[in-house]
There are 2 protein chains.
Amino acid sequence: MSAEMPQTIQKNEVRAEDHDASPDPSSPAPSKHLRMRTNTAEIDSTITHPGSVKINVKGAFIVDQDAESPKAKGANGASYDTKDIRLPNHTAVVSHIAVDIGGSLAKLVYFSREPHSREPGGRLNFMNFETDRIDDCVEFMKELKIKQQKLNGSRPGALCVMATGGGGYKFYDKIREALGVDVLREDEMECLIIGLDFFITEIPREVFTYSEEEPMQFTEVHADIYPYLLVNIGSGVSMIKVSGPREYQRVGGTSLGGGTLWGLLSLLTGSRTFDEMLGMAEKGDNSKVDMLVGDIYGTDYGKIGLKSSTIASSFGKVFKMKREAEREAEDSGGLMNGDEESESSSPIIDGLADALPPKSPGSEIKKEPPFSASDISRSLLYAISNNIGQIAYLQSEKHSLSTIYFGGSFIRGHRQTMNTLSYAIKFWSNGEKKAYFLRHEGYLGAVGAFLKRQPRNWGRRGSFEEGVGLGTEARAEFSAAAREE
Amino acid sequence: MSAEMPQTIQKNEVRAEDHDASPDPSSPAPSKHLRMRTNTAEIDSTITHPGSVKINVKGAFIVDQDAESPKAKGANGASYDTKDIRLPNHTAVVSHIAVDIGGSLAKLVYFSREPHSREPGGRLNFMNFETDRIDDCVEFMKELKIKQQKLNGSRPGALCVMATGGGGYKFYDKIREALGVDVLREDEMECLIIGLDFFITEIPREVFTYSEEEPMQFTEVHADIYPYLLVNIGSGVSMIKVSGPREYQRVGGTSLGGGTLWGLLSLLTGSRTFDEMLGMAEKGDNSKVDMLVGDIYGTDYGKIGLKSSTIASSFGKVFKMKREAEREAEDSGGLMNGDEESESSSPIIDGLADALPPKSPGSEIKKEPPFSASDISRSLLYAISNNIGQIAYLQSEKHSLSTIYFGGSFIRGHRQTMNTLSYAIKFWSNGEKKAYFLRHEGYLGAVGAFLKRQPRNWGRRGSFEEGVGLGTEARAEFSAAAREE
């Protein structure tokens with residue numbers, strides 16, 4: 001659950017992620033201004049604009065390796081995301097790393113030159129670690145620091161780490177001590193928005209809609225993006241209303257998120273990885289465990305438009321089956337209710353066997369177990385995704401937002417998840433609203449933190465650090481590093 | 001999930017449950033009319049008003065046996081609800097039974113004289129059976145039929161069964177053949193509304209608000225009740241917007257309901273009854289399995305008003321713990337992350353043991369298992385109740401409804417459930433909206449069906465049966481029975 005404290009921030013404030021913003025409040029409205037981005041000359045001129053982040057995003061594109069190499073799995077559960085973003089025109093050294101440490105995953109973003117490549121520029125690299133292996137993440141950052149120093153010849157301490165997410169606070173000292181560098185903490189929600197705005201306005205083939213008919217429909221890179229609702233699905237779910245650059249408010253959320261799916265499925269199915277769980281869900285049949293309208297009515301409930309295939313109760317069949325199995329165990333007599341005969345034998349599921357009574361002689365006649373770990377996985381994936389979709393729709397109604405972006409590591413580009421979220425938004429809004437997804441859905445916060453870094457002589461930057469507790473000496477160190485660039 | 005098809009019904013239609021309604025459309029608006037109910041003389045005069053249901057509700061009150069006798073448990077899982085409603089002034093024979101058959105429970109309501117009591121009148125009896133034991137329910141109705149005939153001397157076939165809920169359709173033939181009587185099917189949503197209106201407007205000490213400070217605050221019996229939102233929580237959840245008598249629309253719902261809680265907990269904890277599960281939830285500590293804001297931030301996230309005790313992710317700690325336990329099993333080396341040390345031994349939970357790796361030597365040092373079946377029960381009860389509360393609030397906002405009634409068998413007068421639902425409504429509405437509960441929360445539909453029965457010569461009644469498929473001969477039989485009264 002969440003409170004609804006307004007987070008409105010001055011509109012005229014200088015914005016770090018706005019590559020063409022001028023400190024002059026009289027400059028045109030951002031949306032209009034940004035729309036001109038399609039003109040690359042315009043971009044050129046704005047890249048070096050004073051106060052802009054020193055990253056040349058001109059011609060940025062996603063390096064698609066998915067075809068050749070599958071998601072590389074690093075040691076100690078580190079996962080290298082192969083969807084790097086190439087910045088062919090960026091030559092300046094970016095001596096900082098950004099990390100977004102959530103409840104389950106730590107997401108890392110850093111820029112690297114390509115020493116072995118003849119092409120100019122370099123790329124943004126995306127990686128994630130499990131948060132409970134944060135030490136591996138820190139270790140990796142150490143190695144990066146050493147590499148950077150060799151490559152850039154920048155003096156020790158020049159590297160700067162931008163940290164966001166809850167772990168940015170929880171592990172602040174750990175990271176700082178381990179690396180012996182500055183750690184700048186940035187607000188989680190703000191970074192999410194900055195990152196999302198960057199992806200929407202700068203990266204082609206990043207944002208898309210999803211449906212079974214048209215799996216991946218990329219949307220044009222556009223600039224007139226406000227207002228919108230961001231639904232960020234990690235371990236938990238945050239819903240953020242964004243009215244403009246830096247104008248955002250966390251309007252709600254739900255504790256039923258990725259952590260709930262992963263936690264319950266790890267207990268129920270014995271799966272050991274998220275991808276294993278998603279793989280199971282692909283094969284499963286939720287109607288084995290879900291109570292459908294048809295199971296209750298024997299038909300549909302046309303009068304109020306409920307199809308017989310509509311899920312009336314997630315896992316609604318399980319208790320009944322378990323009771324029947326138990327009854328069989330007690331008295332191997334016939335069932336009272338003939339309707340679920342196929343379900344009356346005791347289920348055999350990895351990790352569930354002993355949650356059910358021993359097979360009774362009576363049940364021997366029936367071979368097939370009533371439901372499998374895959375059925376459970378699919379049912380729970382549906383339940384969680386549908387629920388997020390419904391709440392997102394209702395929040396978008398309450399706050400009159402017609403565009404809904406779904407981000408966060410829960411989605412993982414998984415088709416079933418995206419399809420369920422899309423369907424829920426379409427269903428509840430009677431087709432009036434659409435769900436939008438991103439290829440870097442898990443990295444909004446990390447990219448936002450990466451982009452937040454600016455040189456020292458930045459007029460109003462201090463105001464961003466309110467309550468973030470960035471020490472002055474840290475600021476000095478940081479700006480010293482900045483001068484290096 | 002649910003569709004949003006408007007169910008608007010004529011306002012001036014004669015209403016069975018409206019004890020003082022006149023067929024004359026020019027009669028004053030129900031709400032005004034009903035407000036006069038506080039005057040018993042007015043009631044008297046209206047009780048016998050043509051077209052009113054032949055049940056004298058004057059002086060109706062709840063027979064409170066909770067103190068002396070606990071909920072009586074019948075054979076074959078039949079549960080006698082001890083909160084009977086006494087109708088001291090009703091003497092006419094009511095030769096019908098009403099049953100509301102849902103996905104998990106069949107709720108039975110019938111009127112009985114009190115042969116062994118010297119007092120006049122009789123009482124409304126409330127009972128429920130598990131739906132998969134529908135045959136026991138039918139058997140009980142058979143016995144009732146025989147009793148009724150002895151008592152009332154009414155001829156065979158005089159008994160009439162009013163059936164609603166999905167089972168009213170699914171088991172229509174079964175009941176009809178078994179009892180050899182008519183079965184009148186009534187629309188589920190309509191019956192819920194009729195029943196709720198009856199409880200709100202007729203029964204003292206029925207409706208109440210709940211909070212830890214003031215556990216059970218009864219609301220005055222009042223008449224000006226529209227509009228309101230009814231959240232009916234059974235196996236699944238239906239949310240119904242009620243604008244006036246018979247003016248209702250199912251605006252939404254969620255598949256995460258009682259069936260989900262019971263199904264998952266029966267698998268996870270090995271509990272065999274709802275009450276066992278609720279008992280466990282009482283003792284549990286959800287913070288053992290839920291990821292709290294404090295677990296992620298190490299503190300609160302004050303900037304957006306999230307307390308460190310706020311649940312960020314339900315079951316969000318489980319996957320991490322399981323991974324750690326597994327890692328220990330693999331290499332009995334120390335944990336990467338020291339934060340969950342007390343949770344790093346493999347949990348011992350009924351029905352979960354084998355969902356986790358065997359205890360490793362490394363984990364022997366730690367005695368206490370990280371979480372128990374009770375912790376799981378409490379976490380899931382919170383998750384489901386919070387979620388229903390949030391969706392109910394958002395729906396009430398979308399449809400501008402300030403009063404929210406919670407009904408359905410999921411609640412079962414369970415304090416934690418009511419407290420969580422109340423808190424959710426209070427939290428999301430910033431204290432502007434209230435949750436209302438009923439002592440007969442599970443019997444709205446059954447009572448509504450019971451009250452729907454009227455004598456034959458009832459002008460517009462036919463219109464109610466649209467699409468319900470009541471055969472003409474059945475109608476004839478039924479009215480013959482009606483004449484008996």
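Put the label 7 Å from Cα along Cα→Cβ for A:Asp224; what are its distances to the other copies, in nanometres, shortest first?
Those separations, rounded to one decimal, come out as 4.8 nm.
Please give the Cα centre distance for the range B:204-265 versus the range A:187-246, rounded to the nearest Å.
36
Treat each spin label as a single point 7 Å out from the Cα along the C-beta direction, and report the B:Arg176 to A:Ser429 distance in nm.
Those two pseudo-labels are separated by 4.6 nm.
Defining the label point at 7 Å along Cα→Cβ, can you sort the distances from A:Glu330 to the same site in each other copy, shortest first, in nm?
Copy-to-copy label distances at A:Glu330, shortest first: 4.4 nm.
Distance cut-off 29 Å, Cα to Cα: go down the list A:Lys145/B:Lys322; A:Lys426/B:Lys322; A:Lys303/B:Lys452; A:Lys322/B:Lys426; A:Lys317/A:Lys434 and report the pairs above it. Spell out each step's value before the answer.
On the way: A:Lys145/B:Lys322 33 Å; A:Lys426/B:Lys322 36 Å; A:Lys303/B:Lys452 19 Å; A:Lys322/B:Lys426 36 Å; A:Lys317/A:Lys434 32 Å.
Correct reply: A:Lys145/B:Lys322; A:Lys426/B:Lys322; A:Lys322/B:Lys426; A:Lys317/A:Lys434.
Defining the label point at 7 Å along Cα→Cβ, can you sort the distances from B:Gly298 to the same site in each other copy, shortest first, in nm?
6.2
Given points 7 Å out from each Cα along the Cα-Cβ axis, report the B:Ser112 to A:Ser211 separation in nanometres with one decimal.
5.7
Given labels modelled 7 Å from the Cα in the Cβ direction, how far is it in nm from B:Arg415 to B:Lys147?
The two pseudo-label positions are separated by 3.3 nm.
Run the numbers for A:Asp285 and A:Glu326: contour at 0.36 nm per residue of separation, minus the present Cα-Cα distance, in nm.
Values: separation 41, 0.36 × 41 = 14.76 nm, distance 2.34 nm.
Between A:Asp285 and A:Glu326, full extension yields an extra 12.4 nm.
Would you pull out the residues with amide H under 5 Å of B:Asp300's amide H, same chain only if 5 or more places away, H placed 1.01 Å from N?
B:Ser308
A:Asp182's amide H: which non-local residues (gap 5+, or another chain) put their own amide H closer than 5 Å, with H modeled 1.01 Å from N in plane and none for Pro or chain starts?
Amide H neighbours of A:Asp182: A:Val161.
How far, in whole Å, is the closest Cβ of chain A from the axis that maps A onto B, and which residue does it belong to?
It is A:Leu394, 2, counting Cβ atoms only.
Using the Cα centre as the reference, give the magnitude of the dipole from point charges on the C-beta atoms of the range B:158-209 (Lys, Arg: +1; Asp, Glu: -1; all else neutral), rounded to the nearest 20 debye.
Numbers: 5 positive and 10 negative charges, 45 e Å.
Once rounded to the nearest 20, the dipole reads 220 debye.
Quick note: the coordinates plus some simple rules give every number you see, no bench work behind them. Owing to the predicted nature of the structure, the values given are computational and were not obtained by experimental measurement. As a convention, Cβ positions derive from the backbone with ideal geometry for all residues, glycine included, and neighbour counts pool all protein chains shown.
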